[in-house]
Amino acid sequence: MNKVHFILGVHNHQPIGNFDFVFEKAYANAYLPFLEAMERHPIVHWNMHTTGILWDWLERHHADYVDRVAEQVKQGRLEILTGGYYEPILPSLPDADKTGQIQKLTRYIRQRFKTKPRGMWLAERVWEPHLTKVLADNGIDYTLLDDTHFLSTGMTMDEMCGSYLSEEQGETAVVLPIRQDLRYAIPFKDPGETVSILRRYTSTSGHKALVMFDDGEKFGLWPDTHHHVYAAGWLENFLTVLESNKDWIVTSRISDYLGTHVPHGRVYLPTASYSEMGEWTLPAAAQEVLTDLEKRLPAEEKEAGKRFLRGGYWRNFLTKYEESNNVHKKMLRVSGKAHKAIESMKTSGQKPNGKAQKILDNLWAGQCNCAYWHGVFGGLYLPHLRQALYRELLAAELQADKILQKDTIQVTHEDFDKDGRAEILVESPEQNLYIAPHNGGSIFEWDLRKEGINLQNTLTRRPEGYHKHLLNFVAHNGGTDSGRVKTIHDRVRVKEPGLEKRLSTDWYRRTSLLDHFLHTDTKIDDFYRCQYGEQGDFIKTGYQADVVKDTYPQIRLSRLGSVWNGEQKNVVSVEKTLTFSGGMGWQVVYRIQNVHGSACQLWFGCEMNLAFSSQDQQDPVEHFQQAQYVRRDHGHGLSLKILFDLPTDLWEFPLETVSLSEEGFERTYQGTVLLAHARITLQPGQVWVRSWRAGVQPE
């Protein structure tokens with residue numbers, strides 16, 4: 001009888017910083033019932049990748065589950081794959097961290113499951129050609145990639161039925177395509193759909209194999225799937241169908257298939273990920289162009305379009321989102337410090353062992369991919385996931401700096417974000433403050449090192465390609481979705497009414513000490529929605545930076561720019577001097593001068609964005625003549641106080657984004673915006689001077 005191999009696999013993962021109740025829900029709704037179903041069908045062989053993050057949690061909370069997985073491995077039914085322990089995007093890491101992450105998970109699998117993993121899961125299937133050698137160097141025989149990777153080489157879907165061999169610098173590794181048609185069919189369509197696809201690839205030799213390897217969370221955690229997959233019996237039915245057709249459907253562990261069937265040929269794959277990721281990496285306007293092109297293709301050309309129409313690739317997120325680039329470059333900087341510290345320990349005769357591993361574990365945990373990007377998945381829009389990365393990276397940095405004996409305030413000029421322009425980095429044992437002279441002379445990172453908190457961990461409101469879907473959905477459906485179980489990519493759900501009214505976008509990055517000159521008619525709601533008249537040219541422009549080293553470092557930032565007041569234009573000088581003393585805080589002194597032009601009335605505002613753990617208000621609030629601003633943040637365990645030299649008017653409002661996740665469209669608090677503002681009249685040559693001090697104390 002003609003046969004075909006069916007390779008079924010699940011990838012289970014929860015990110016660093018996710019809430020414990022989410023781990024527990026995923027376990028109860030997806031991981032455990034899936035394993036129980038597989039135990040009831042011993043004929044079915046399968047494959048699993050679970051991240052080190054999740055294995056750690058399971059060992060602490062449900063060790064019996066891990067024991068049951070080990071029993072499946074012992075029985076020869078289940079193959080466990082390795083990968084980066086903390087689920088990083090491997091191409092984005094320094095080479096030493098690539099190897100370290102892979103080897104850490106490989107050691108755990110060998111010790112816990114008594115087996116040497118032959119295959120590796122790539123986070124988000126982000127592939128770059130040099131990874132072939134990385135796999136080979138780490139003793140990995142194979143990895144799995146999406147059919148998108150293969151189709152872009154000119155291959156057809158009919159060739160997505162086995163394994164191929166890739167090569168880099170003479171080293172080889174096997175790559176297997178994951179089929180999108182199976183990913184979309186399982187578990188959303190009748191099992192007969194999968195059977196029909198498999199039947200088309202049977203042969204007398206049975207050398208063909210079709211792969212469906214996808215998120216384990218789709219089997220119970222994704223919206224509406226728990227009832228569909230378990231209560232309504234989809235998975236039980238699916239596994240029964242596989243068993244009843246065992247005479248021609250051979251469910252296989254990947255290594256078993258590779259051990260009996262040679263690769264179909266050699267292939268060189270381009271940089272890619274799955275097709276949806278390629279779309280998500282594009283700017284909103286480019287996404288619309290790509291979507292429009294795909295829609296305009298005639299039905300008979302859809303497959304050709306799938307082969308040759310594709311978006312960007314994962315690293316585009318580092319240009320699309322400054323916040324993503326920020327944490328990535330922070331990670332690279334901390335990685336350099338960490339490895340330098342460990343090398344220093346070795347050269348001084350110390351045994352690094354436990355201390356070195358602790359630094360590396362914090363560093364590697366800070367490389368967990370989820371908060372580096374955004375699509376339907378991806379956690380960049382979730383502040384607690386971004387903050388978790390900073391917590392881990394700051395812990396690694398603090399330990400490394402102790403070993404490197406960096407115990408004084410240090411000021412350095414370097415191109416932190418790798419855009420060709422130098423930033424000013426002020427670092428002390430208590431805090432880091434990073435300043436971008438070329439971006440309005442603003443503070444873009446404020447780290448409380450021992451607390452593991454970046455108080456500048458906010459997110460700018462940007463246009464996203466799916467915002468039009470929200471508007472169209474509300475206009476045509478009234479915010480009501482059909483009850484049919486769908487894939488994440490097909491469904492539309494709005495988690496609260498009126499979200500479309502909250503859609504605002506910013507034309508500048510939300511950092512601190514941004515210098516505004518407002519139009520006289522500006523209302524707080526205009527500023528909140530970022531739809532106001534900016535009369536100056538001090539945002540997104542360069543400042544001259546001078547470092548003055550007295551008792552404590554001072555950074556003087558100055559710009560000679562223009563301010564329009566009706567038809568009148570004045571040349572105005574803005575000088576702000578930042579002083580950094582011991583502890584966690586800073587002081588700024590503003591000096592604004594009417595350098596050229598007649599007497600003028602200016603409305604000056606200094607914007608500060610602060611990443612508190614939760615919001616305490618829903619709408620913009622005006623404060624008049626405040627001597628201080630105090631915010632107690634119980635989530636972060638700290639209290640922030642800003643003391644003004646003179647009573648000051650303040651605008652305060654939450655910075656909120658409207659984004660799309662697997663749960664639907666949702667509003668997320670990203671931080672609090674403060675605008676300290678004053679209306680001032682300056683005669684020619686006259687100077688206006690104000691100052692305030694910001695400080696943080698643990699609660």
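The values are calculated or read from the model by the stated rules, or taken from the named source; none is laboratory data. Predicted model, so just to flag it, every value in this text is computed and none were measured. When we count neighbours, we look across all protein chains shown, and the Cβ atoms used for this are built from the backbone with ideal geometry, even at glycine. Just so you know, the surface numbers come from the protein's heavy atoms only, side chains and all, with ligands and any DNA or RNA stripped out. Shrake-Rupley method; radii C 1.70, N 1.55, O 1.52, S 1.80 Å.
Overview of values
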| quantity | calculated |
| --- | --- |
| Probe 1.4 Å, protein heavy atoms only - accessible area per residue of the chain in square angstrom | 39 |
| The chain: calculated mean residue ellipticity at 222 nm from DSSP helix runs of at least 4, using -39500 (n - 2.57) | -9000 deg cm²/dmol |
| Built amide H within the under 5 Å cut-off of PHE219, gap 5+ | none |
| Which of PHE213, MET331, HIS149, positive extreme of dipole for the chain (C-beta unit charges) | MET331 |
| Backbone HN-Hα couplings from phi across the stretch 626-640 [Karplus 6.51/-1.76/1.60, Hz, Gly and Pro as x] | 8, 7, 7, 10, 10, 9, 8, 10, 6, x, 7, x, 8, 10, 9 |
| Assigned charges on the beta-carbon of Lys, Arg, Asp, Glu; the stretch 318-422 dipole about Cα centre (debye) | 320 |
| Other-chain or far-sequence residues with amide H under 5 Å of LEU309's (modelled H) | none |
| Principal axis dimensions, the chain - Cα atoms, whole angstrom, descending | 95, 70, 44 |
| The chain, dipole about Cα centre (Lys/Arg Cβ +1, Asp/Glu Cβ -1), debye to the nearest 20 | 1100 |
| Long-range amide H partners of TRP373 with built H, under 5 Å | GLY379, LEU380 |
| 21 Å Cα-Cα threshold exceeded, pairs from LYS450/LYS549; LYS337/LYS418; LYS133/LYS337; LYS74/LYS98 | LYS450/LYS549; LYS133/LYS337; LYS74/LYS98 |
| C-alpha center-to-center spacing [the stretch 169-235, the stretch 456-478] in angstrom | 31 |
| Shape call, the stretch 18-117: gyration tensor on alpha carbons, a/c limit 1.5 | oblate |
| Between 0 and 90°, nearest 10: helix 353-365 axis offset from the chain longest Cα axis | 80 |
| Set of lysines near LYS523 by C-alpha distance (under 20 Å), chain-local residues within fewer than 8 positions excluded | LYS501 |
| Packing-based order for 86-95, 388-397, using average beta carbon neighbours within 10 Å, highest first | 388-397, 86-95 |
| Over the chain, relative contact order from alpha-carbon pairs under 8 Å, at least 6 apart, % | 11 |
| Mean Cβ neighbour count within 10 Å, used as a protection proxy, ranking 523-533, 139-149, 648-658, 57-67 highest first | 139-149, 648-658, 523-533, 57-67 |
| Charged-residue dipole, Cβ positions (Lys, Arg, Asp, Glu), the stretch 580-682 about Cα centre, Debye nearest 20 | 560 |
| 4 °C / 1.567 mPa s Stokes-Einstein diffusion coefficient of the stretch 139-197, Kirkwood radius on C-alpha pairs, µm²/s | 101 |
| Between the stretch 23-75 and the stretch 375-409, the Cα center-to-center distance that results, in Å | 30 |
| Karplus-derived 3J(HN,Hα), 6.51/-1.76/1.60, for each residue of the stretch 28-39, Hz, glycine and proline x | 5, 8, 10, 5, 5, x, 5, 4, 4, 5, 5, 5 |
| Derived scalar couplings ³J(HN,Hα) [the stretch 109-117; Karplus, 6.51 cos²θ - 1.76 cosθ + 1.60; whole Hz; x for Gly, Pro] | 4, 5, 6, 7, 10, 6, 8, 8, x |
| In degrees, nearest ten, helix 63-74 long axis to first principal axis of the chain (Cα) | 40 |
| Given LYS320/LYS641; LYS218/LYS330; LYS116/LYS355, the pairs whose alpha carbons are separated by over 31 Å | LYS320/LYS641; LYS218/LYS330 |
